[in-house]
1. With in contact with a Gly (Cβ under 6 Å, 6 or more places away or on another chain) and either surrounded by 12 or more Cβ atoms within 10 Å (Cβ to Cβ) or not acidic (Asp, Glu) (or both) as the only criterion, which of 51, 31, 61, 46 stands out?
2. Just to confirm my filter: which strands (runs of 3 or more DSSP E) fall fully inside the chain and include at least 2 residues that are touching a residue at least 40 places away in the same chain (Cβ under 8 Å)?
3. I'd like to know if the stretch 54-75 contains one or more residues that are among the basic types (Lys, Arg) and over 13 Å from the mean Cα position of the chain (by Cα).
Amino acid sequence: MAYGLKTKIWQTGALEWWGYVDGDEIYLGSREFPQPPEEGDSWTVRATGDRFTILDGEIQRQGRGKPLTYPWEEE
């Protein structure tokens, strides 16, 4: 198990993190993903707005929001 997590995670060649959360293949982010991931870490994926937390060694989705943008992307 990577990093001692119960959740199966992997990184693509594009440096994006993915994992199986609740039986589904879910995008976990790229730069947002904590390195190294530790118990209690929380983050929001910019591209999707999904919020995650690591609890009891498992990555859990805490909710969904709208995708985040940088100030220079807004029109």
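We did not get these values from a lab; they are worked out from the coordinates using the rules stated. Given the structure is predicted, the values throughout are model-derived calculations rather than measurements. Methodologically, a virtual Cβ is constructed for each residue, glycine included, from the backbone with ideal geometry; neighbour enumeration extends over all protein chains shown.
1. 51
2. 17-21, 58-63
3. Checked against the condition, which is being among the basic types (Lys, Arg) and over 13 Å from the mean Cα position of the chain (by Cα), the stretch 54-75 yields at least one hit.
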